[in-house]
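Asker: Mind having a look at this structure? Questions to follow.
The values are calculated or read from the model by the stated rules, or taken from the named source; none is laboratory data. A quick note: this is a predicted structure, and the numbers were derived from the prediction, not measured. Cβ sites come from the backbone with ideal geometry, for glycine too, and all protein chains shown count toward neighbours. Ligands, DNA and RNA are excluded from the accessible area calculation, which covers all protein heavy atoms including side chains. Shrake-Rupley method; radii C 1.70, N 1.55, O 1.52, S 1.80 Å.
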Amino acid sequence: QVHLAESGGGSVQAGGSLTLSCVGSGYTYTETCMAWFRQAPGEEREGVGMIEAGPDGAGTTYYADSVKGRFTISQDNAKKRVFLQMNSLKPEDTGSYYCALSSHWCGGLGLESAEFRNWGQGIQVTVSS
């Protein structure tokens with residue numbers, strides 16, 4: 001059973017920073033892409049960014065225009081955990097953040113929900129004015 005677990009959510013003031021973490025287990029996909037999505041109440045889920053993670057991943061990252069230059073995706077040395085470093089946070093960044101996993105390399109995907117096979121439960125990020 002595939003399981004994705006997010007951690008590190010919380011509340012910060014505008015301009016502050018926050019780091020989220022996601023660890024996956026229970027899978028042995030040949031190709032993997034780990035992504036971050038977010039969703040505000042009443043709005044569509046949108047892609048934040050993604051990384052070609054895992055032992056065979058190139059570590060290539062992709063970002064949505066809305067977060068490029070402020071957010072950074074990375075992985076640990078064992079390539080088992082993915083991070084989302086969020087800087088210069090804005091109130092518009094508020095929402096539930098989800099970790100997602102695809103069995104394909106990121107390069108063949110768009111930041112679209114339908115492209116990802118497995119999902120975490122989501123964690124809340126709140127940015128105050």
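Asker: Hey, can you rank 4-11, 63-70, 84-91 by average C-beta count inside 10 Å, highest first? Spell out each step's value before the answer.
Answerer: Values: 4-11: 15.6, 63-70: 14.1, 84-91: 17.2.
In decreasing order of mean packing, 4-11, 63-70, 84-91 become 84-91, 4-11, 63-70.
Asker: Please identify every one of the GluC sites (Glu not before Pro) in region 17-56 that sits in a loop by DSSP and has no more than 16 other beta carbons within 10 Å of its own beta carbon. Intermediate values should be presented prior to the final figure.
Answerer: On the way: sites: GLU31, GLU43, GLU44, GLU46, GLU52; in loops: GLU31, GLU43, GLU44, GLU52.
Within region 17-56, the qualifying GluC sites (Glu not before Pro) (loop, at most 16 other Cβ atoms within 10 Å) are GLU31, GLU43, GLU44.
Asker: Given labels modelled 7 Å from the Cα in the Cβ direction, how far is it in nm from VAL2 to THR60?
Answerer: Simple spin-label model gives 2.0 nm for this pair.
Asker: Related question: Read phi for every residue in region 94-105 and hand back ³J(HN,Hα) as whole Hz from Karplus 6.51 cos²θ - 1.76 cosθ + 1.60, θ = phi - 60°, with x for Gly and Pro.
Answerer: 4, x, 8, 9, 10, 9, 9, 10, 10, 8, 10, 5
Asker: For the chain, what relative contact order do you get, as a whole percent, if you take Cα pairs closer than 8 Å and at least 6 residues apart? Kindly include the intermediate steps, with their values, before the conclusion.
Answerer: Values: 321 pairs, mean separation 44.9, N = 129.
Over the chain, the number comes to 35 percent.
Asker: Then there's this: Given H placed on each backbone N at 1.01 Å, which residues far from GLY16 in sequence or on other chains put an amide H within less than 5 Å of it?
Answerer: The answer is LEU89.
Asker: Something else now. Just to check, using Stokes-Einstein with a Kirkwood Rh over alpha carbon pairs, what's the diffusion coefficient of region 1-76 at 20 °C and 1.002 mPa s in µm²/s? Write down the numbers at each step before the final one.
Answerer: Details: Rh = 14.0 Å.
D = 153 µm²/s.
Asker: Report the Cα-based extents of region 35-75 along its three principal axes, largest first, to the nearest Å.
Answerer: Computed over region 35-75, the largest-to-smallest principal extents equal 38, 19, 12 Å.
Asker: What translational diffusion coefficient, to the nearest whole µm²/s, does the chain have by Stokes-Einstein, given a Kirkwood radius computed over alpha-carbon pairs, a temperature of 37 °C and 0.692 mPa s viscosity? Don't jump to the answer; show the numbers that get you there.
Answerer: Working: Rh = 14.5 Å.
Translational diffusion coefficient: 227 µm²/s.
Asker: If you don't mind, another one. Residue by residue, what Karplus-based ³J(HN,Hα) values in Hz, rounded to whole numbers, does region 47-60 have, using 6.51, -1.76 and 1.60 with θ = phi - 60° and x for Gly and Pro?
Answerer: Once θ is set to phi - 60°, the couplings for region 47-60 become x, 9, x, 7, 9, 7, 8, x, x, 9, x, 7, x, 5 Hz.
Asker: Quick one: with all protein chains in place, what share of the accessible area of the chain is carbon or sulfur, to the nearest percent (1.4 Å probe)?
Answerer: Result for the chain: 44 percent of the exposed heavy-atom area is carbon or sulfur.
Asker: Give, rounded to the nearest 20 debye, the magnitude of the charge dipole that region 1-62 has about its Cα centre when Lys and Arg contribute +1 at Cβ and Asp and Glu contribute -1 at Cβ. Intermediate results must be reported in sequence, preceding the final value.
Answerer: Details: 2 positive and 7 negative charges, 37 e Å.
Computed charge dipole of region 1-62: roughly 180 debye.
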